[in-house]
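Engineer: After the structure tokens below, expect a handful of questions from me.
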């Protein structure tokens, strides 16, 4: 070592992992496509589903500090008070929906439930909107009447039916005030403005690409849209209506504000695989434009949007391979379009047997920055064209099952 020369400078330590994100799922306030988009962004293996009835819920929340590694994403309809002062250990986001539309959607969803679940809720299979609105079962009352305020207020006495403050008129101002305080200190979106909500969600969680979620079409209205039924819904949701009006003003102000200058991308929302090993879909983060992962081991491309995979390639990788599920055995796999960072990517079909196929790309020089792969199928087939009596209204083409980066 030359005189006067010191030791080489130490490399800066890697930044600490950001806190887990929390999607505070208000029942019937969000379309399933947004939940699917969040699961795809963080990978199903990186997501923990929370359930209020889970006896391990308190231990799961309390153990976040000790988890190694911590989960990337938490999702579930868990009331705020369950976090017991730990909300600053996560990055929460909630979706709100106009209270009338939310209760109507909850009614429509329950009409499709099996009799045994309805019995648990105190309902019969032929229940009416009047039965639903007047429900007093513990499992329904907190959602049918001011359900958004109850989930967000942070007070268990106002959240649990039968609790000391649940039906107390004197406690209603505190219920609204608690929910308003929560909204002012956390990120949220509105179901009626899904594009704007996705922008705020991306900012709040540091997702380094645009989120995509295609809302399902609203079904034709039934008895839940009767003016007398709507009046009853309004009566039971006056606080939620007040909360929603305040939320709309706050939402518009946040959306109009410039994005933060200290934006830090969350690395867990980008797929960073090892080289030379097939990775199953649940562990593949950074996806957009996919339906949820299914039991057959793949996630179908969503025909309503563009399928994208955001990834950082391992240093040794020179090619990528995709293992796909096809909607039919004669699907023209060779006509699939692949684009890497906007450039057409050539590939070879290395295997096709039945409904399964494997593609291997041409040699690529990957950079250090995140890449975007677009998968474009030649066509999609309505499920009902294959199974006429199917309740599935989707159009399907390809399902992504595995990805490999190799030489």
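Engineer: Condition (residue is touching a residue at least 60 places away in the same chain (Cβ under 8 Å), part of a loop (DSSP other than H, G, I, E, B) and either touching a strand residue (DSSP E or B) at 6+ places or on another chain (Cβ under 9 Å) or more than 19 Å from residue 405 (Cβ to Cβ) (or both)) applied to region 333-341: is it met by at least one residue? Full working, then the answer.
Structural biologist: Residues of region 333-341 that are touching a residue at least 60 places away in the same chain (Cβ under 8 Å), as a first pass: 336.
Retained after the next criterion (residues that are part of a loop (DSSP other than H, G, I, E, B)): 336.
Now drop any that are not either touching a strand residue (DSSP E or B) at 6+ places or on another chain (Cβ under 9 Å) or more than 19 Å from residue 405 (Cβ to Cβ) (or both), which leaves 336.
So far as region 333-341 goes, yes, one or more of its residues are touching a residue at least 60 places away in the same chain (Cβ under 8 Å), part of a loop (DSSP other than H, G, I, E, B) and either touching a strand residue (DSSP E or B) at 6+ places or on another chain (Cβ under 9 Å) or more than 19 Å from residue 405 (Cβ to Cβ) (or both).
Engineer: Please go through region 203-222 and give me each residue that is under 13 Å from the mean Cα position of the chain (by Cα) and either more than 20 Å from residue 36 (Cβ to Cβ) or surrounded by fewer than 20 Cβ atoms within 10 Å (Cβ to Cβ) (or both), ordered by number.
Structural biologist: Answer for region 203-222, where residues must be under 13 Å from the mean Cα position of the chain (by Cα) and either more than 20 Å from residue 36 (Cβ to Cβ) or surrounded by fewer than 20 Cβ atoms within 10 Å (Cβ to Cβ) (or both): 214, 215.
Engineer: Filter region 243-287 for residues that are within 29 Å of residue 99 (Cα to Cα) and crowded, with 17+ Cβ neighbours inside 10 Å and give the result.
Structural biologist: If the condition is that a residue be within 29 Å of residue 99 (Cα to Cα) and crowded, with 17+ Cβ neighbours inside 10 Å, then 243, 244, 247, 251 are the ones that fit.
Engineer: Among the helices (runs of 4 or more DSSP H) confined wholly to region 75-146, which include 3 or more residues that are under 19 Å from the mean Cα position of the chain (by Cα) and assigned by TED's automatic domain parsing to the domain that holds residue 61? Steps first, please.
Structural biologist: Working: elements: 99-111, 115-120, 129-133, 138-144.
Here the list reads 99-111.
Engineer: If I ask for residues that are surrounded by fewer than 18 Cβ atoms within 10 Å (Cβ to Cβ) and touching a residue at least 60 places away in the same chain (Cβ under 8 Å), which ones from region 36-69 would you list?
Structural biologist: If the condition is that a residue be surrounded by fewer than 18 Cβ atoms within 10 Å (Cβ to Cβ) and touching a residue at least 60 places away in the same chain (Cβ under 8 Å), then 45 is the only one that fits.
Engineer: Still on this structure, please answer the following. Here is a list of conditions, (1) assigned to a loop (DSSP other than H, G, I, E, B); (2) assigned by TED's automatic domain parsing to the domain that holds residue 375, and residue 300 meets all of them except one; can you say which number that is?
Structural biologist: Of everything listed in (1) assigned to a loop (DSSP other than H, G, I, E, B); (2) assigned by TED's automatic domain parsing to the domain that holds residue 375, residue 300 misses just condition (1).
Engineer: If residue 393 satisfies every condition in (1) touching a residue at least 24 places away in the same chain (Cβ under 8 Å); (2) in contact with a helix residue (DSSP H, G or I) (Cβ under 9 Å, 6 or more places away or on another chain) but one, which is the exception?
Structural biologist: Of the numbered conditions (1) touching a residue at least 24 places away in the same chain (Cβ under 8 Å); (2) in contact with a helix residue (DSSP H, G or I) (Cβ under 9 Å, 6 or more places away or on another chain), the odd one out for residue 393 is (1).
Engineer: Tally time: how many residues in region 311-322 are in a strand (DSSP E or B) and surrounded by fewer than 21 Cβ atoms within 10 Å (Cβ to Cβ)? Steps first, please.
Structural biologist: Taking region 311-322 and keeping what is in a strand (DSSP E or B), we get 311, 319-322.
Narrowing further to those that are surrounded by fewer than 21 Cβ atoms within 10 Å (Cβ to Cβ): 319, 321.
Residues that pass the stated criteria total 2.
Engineer: Restricting to region 346-382, name every residue that is assigned to a loop (DSSP other than H, G, I, E, B), over 27 Å from the mean Cα position of the chain (by Cα) and either buried (at least 18 other Cβ atoms within 10 Å of the Cβ) or not assigned by TED's automatic domain parsing to the domain that holds residue 396 (or both). Even if it seems obvious, please write down each step before you answer.
Structural biologist: As a first pass, look at region 346-382 and keep what is assigned to a loop (DSSP other than H, G, I, E, B): 346, 354-355, 362-370, 377-380.
From the residues that got through so far, the ones that are over 27 Å from the mean Cα position of the chain (by Cα) too are 346, 354-355, 362-368, 378.
Matches in region 346-382: 364, 366.
Engineer: Residues being part of a strand (DSSP E or B) and modelled with pLDDT under 90: count how many of those fall in region 1-47.
Structural biologist: Narrowing region 1-47 to residues part of a strand (DSSP E or B): 21-24, 47.
Within this subset, residues satisfying the condition of being modelled with pLDDT under 90 are none.
Total satisfying the criteria: 0.
The values are calculated or read from the model by the stated rules, or taken from the named source; none is laboratory data. The structure displayed is predicted, hence computed values, not measured ones. No Cβ is skipped: glycine too gets one built from the backbone with ideal geometry, and neighbour counts run over all protein chains shown.
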